[in-house]
Each structure stands twice: as C-alpha cells, then as structure tokens.
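Working notes, structure below.
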Amino acid sequence: MTHLRTTAMLALAVSTLTLTTVAYAGEVVWWTPNWGEARAKQLVEKFQAANPGISIKMEVTVSDGLPQRVLTALQSGAAPDIIEVQHGWVNGYAQNDLVIPLDDVIQDRDDYVKGALDYVTWNGKLWAIPYRIETHAIIYNKGLWKAAGLDPEKTPQTWQELIDDAAKITASGVSGFAITGGGEVGNTIFRSLPFIWMNGGDIISAEMKTAVVNSPEAVAAVKFYTDFYKNGQSPASTLQNDGTANRKLFIAGTVATYQSGQFDVPSILKEAPNTEVGVFPIPHPEGKDTAAILGGWSYVIPKDAKNPEDAKKFLQFLNTSENQAFFTDTFPARVSSMDADRFKDPILTQFKAMLPHGRPVPAQKNWVQITQAYFDGIQRILTGEQDVQASMDQANDEIQALLDQ
C-alpha cells in the first residue's frame, strides 16, 4: 500500500481516536456525522424493528479532522462496518485496498445520478453507495445589501462585480463576502478550487501526474479568493472560520454574503427568521463559465469490517428512494428521491441551477494529502507568511512529491 504516515504516527493516531469500533455478533457499527444524527436514529429504529436479529451501533463523527480519522481507522485494521465519507475520498481508499466493492449491494442503479456513481467508481467497480449530492451557491442577506445601497435583486455575475459589491457592503459596516481559512480542509477546497477551474487552472493535471497549482491561471484565482480577507472584506476571524462559523456570522448579521450549500438554509431560517435570505450562482471571470465541486457523501464498507453481510443489508435499507430523500441534508443521489416535497422549495432553485456546473475532484489516491498541501498554502497567504506565487510554488512542490509516490 502506498501511503502516507510512519508506523509511529499511525500508532499515535490510533491511540488518540475517540471512536471505538468494538463489534459483536449481529451488530453493525455505523460512523455517521453529527449533522444527521437525529434522522439517523429514526432510520436505525425503523431498521431494527424490521430486522430484530441485527442491531445498529451508531458512532457519531464530526467534520473537523474527519479525513485523517477515517484514513487512520481504515489502515488500522479496527474499522467500523459502515462509514459515511465524502465522494472525493473514495477512490483513494479503493486504490489502496481499504474498502470493498459494492456492486452487489446497489439497487436500481439506473435511478442514480450518473455523476455521483462515476465519482465512486474505479477500475470498473463501484466502491461506495452515494446518497447525497450538492454544489455550493452564494447566500446573501438582502436587507444588508439594501442598507449598503445595492439592489438585492441585481446580484453579481462576474468576479469583478462581486469584488465591487463586497467592498460597498464592507464600507457599510459588515463583512461583504466571507471566505473560509480554517476548520476541516474540505471547507476551503469546496470554496476556492472552483475559482481555479473557472479561470482555466487546476491543482493537478488531467492525467494526474503533474502539479499545476502554481500556474498563472491558478495563482490568479487563489489571489482573487484570498484578497477578500487581505482587503478586509472577509471577517478578522477568517483564519479560524469554517463553513459553520461563517453561517453563524451570517445569522448574527455581521456577514452579508458567503458561499455554502443548501444545508445551511434551514438553520438560517430557524435562527434568523426575520432575515430576508437570497441565493445566487457563484460568480465567474468575465467571459468564462461558473463552476462548482460536485460534492456529497457516500457509504463505504471497510475491507476489515467485522460484519460486512449485515452492513450490506443495512445499506440497502438506507438507500431506498424514500430513505435517501429523508436522510440527506442536500439533494439525494437517486433521481426518484428528488420528487419528495422537501426539494420543491423555491429557495433551492439556485442550488439546483449550480448542479450542472458541478465537477468531481480528481480520483487520485493521495487526494486527501494533496488538498492538505494546498490548504496549507492558502493559510500561508492569509497569515502573510508568503505571497500568493511563493505559497503556490511551495504547495506545487509538495503536491508533486505526492504525485510521484
């Protein structure tokens, strides 16, 4: 296996895991993120009532540090039976023989969004069952836009228009456009990589052999992203902020505009019911198209799962059309699930409009480590340790070393 950490580091990581994976006969251990915990409990109760010989042991995960926690568990030989992971992590697991194929588990394959299945397919086999798909859009406070003298129905379409509007809003006393610079790495990947794509750049080449994050196209896009903080239009806490922090600042009325997924909308409407919330597509460079990462989550079964057969049965239950529609925080990976009433809310229109512009991240076995190198580069820029070109040059060297492994 071509990875990654020394034995000493792996031993340390295993020793610091806060989740246990002890399983018993007839028990399925399921790692599921905290944001879906309440719905997960309902599904477990429903499944156990229909399958009295199988018990589901939920172990709740959090986003911060999750990529490394999952990787450590998969490498340790003490993995749970089912783990929810981001689509982009799956191919690395498959290429390193850490998960099992699930072609014998998926039902109604033709009912799945093709892009979601493509994301988790490698070497002709399906290595995960996708249940959630999403892209980001821009969420904004129409009231704060009006207060800054802007027409909230005339939203920016280009990068320059977003820069200009963010500057006007910031001059009115609130942050015009919040970016992320902290938390789990994926927060910043999802928010900044699409800008690189829009501008004709990438982090690695199409054949996944060459690092290209220091190209002029990529550097210009990274500068566009980080300048929102450098120019004072993103909050002073940007270096610590993840997507959740930005949502809380938006709810508090100190951020007028930020990038995120539809999963933020329910919390905003609940906690700030008097806020007039709007959504618009992610702006693009003049004369070019917008882009987004086609994100989402899938279920994997580790190679070292103690109870794979019962885990497969539970996965088939979780991925019925009805249960996918119920469980996902965003859009379901099954087309028929999209017919549920909850997906017909008009506020979701712009998130749906971004889906055709969504792209998968590269299916490179070291993608998690590559994104860490890129994220470290973003932080060096935000702290002022390096300028954009120097930081992306260093990130490029680190990424190339990972590609050469």
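Using a probe of 1.4 Å on the protein chains alone, the accessible area found for residue 248 is around 130 Å².
With the whole protein complex present, residue 341 retains an accessible surface near 120 Å², based on a 1.4 Å probe.
How much net charge surrounds residue 374 when only the other residues with a Cβ under 13 Å from the Cβ of residue 374 are counted, with Lys and Arg +1 and Asp and Glu -1? Taking every Cβ under 13 Å from that of residue 374, the sum is -3. Length gained on full extension, residue 231 to residue 151: 26.5 nm, using 0.36 nm per residue less the C-alpha separation.
Comparing 390, 147, 178 in a Gaussian network model of the chain (Cα springs below 10 Å), the most mobile by mean-square fluctuation is 147.
Work out the P(r) tail for the chain: percent of alpha carbon pairs separated by more than 40 Å, whole number. Each step should come with its number before you reach the end.
Numbers: 12533 of 81810 pairs.
The share of Cα pairs beyond 40 Å in the chain comes to 15 percent.
Spacing of the modelled spin labels on residue 168 and residue 103, each 7 Å from Cα toward Cβ, amounts to 5.6 nm.
What is the extension gain from residue 379 to residue 161, computed as 0.36 nm multiplied by their sequence separation minus the C-alpha to C-alpha distance, in nm to one decimal?
Full extension of this stretch gives 76.0 nm more.
Give the carbon-plus-sulfur fraction of the accessible surface of region 345-385 in %, rounded to a whole number; probe 1.4 Å, heavy atoms of protein chains only. Can you show the working numbers first?
Working: 840 of 1630 Å².
The C+S portion of the solvent-accessible surface of region 345-385 is 52 percent.
Its alpha carbons give region 251-306 an Rg and a Dmax of 17.4, 53 Å.
Going 7 Å from the Cα of residue 125 toward and past its Cβ, which residues in region 307-321 have a backbone nitrogen under 18 Å from where you end up? Backbone N within reach: 307-313.
Compute the normalised compactness of region 195-312: alpha-carbon radius of gyration over 2.2 N^0.38 Å, N being the residue count. Intermediate results must be reported in sequence, preceding the final value.
On the way: Rg = 19.0 Å, N = 118, 2.2 N^0.38 = 13.5 Å.
This ratio for region 195-312 stands at 1.41.
Under 16 Å from a point 7 Å along the Cα-to-Cβ line of residue 118: which residues of region 66-109 have their amide N that close? So the set is 87-88, 91. Here the relative contact order of region 126-194, from alpha carbon pairs under 8 Å that lie six or more residues apart, stands at 21 percent.
For residue 352, list the aspartates and glutamates whose Cα falls under 17 Å from its own Cα; do not include residues on the same chain fewer than 8 positions away. Qualifying aspartates and glutamates at Cα under 17 Å: 134, 264, 289, 329, 339, 341.
Would you work out the relative contact order for the chain, in percent, from Cα pairs under 8 angstrom that are 6 or more residues apart? Intermediate values should be presented prior to the final figure.
Working: 722 pairs, mean separation 103.2, N = 405.
Relative contact order here is 25 percent.
Sorted largest first by accessible area at a 1.4 angstrom probe radius, with every protein chain in place, the residues 161, 153 fall in the order 153, 161.
For the chain, the longest principal axis of the alpha carbon atoms and the long axis of helix 388-403 meet at an angle near 20°.
Full-extension gain between residue 393 and residue 59, please, as 0.36 nm times their residue separation minus the C-alpha to C-alpha distance. Walk me through the numbers before you get to the answer.
On the way: separation 334, 0.36 × 334 = 120.24 nm, distance 4.02 nm.
Between residue 393 and residue 59, full extension yields 116.2 nm more.
The values are calculated or read from the model by the stated rules, or taken from the named source; none is laboratory data. It should be emphasised that the depicted structure is a prediction, and the values quoted were computed from it without experimental measurement. Note that we place each Cβ from the backbone using ideal geometry, even for glycine, and neighbour counts take in every protein chain shown. These area figures cover heavy atoms from the full protein model, side chains too; ligands, DNA and RNA do not enter into them. Shrake-Rupley method; radii C 1.70, N 1.55, O 1.52, S 1.80 Å.
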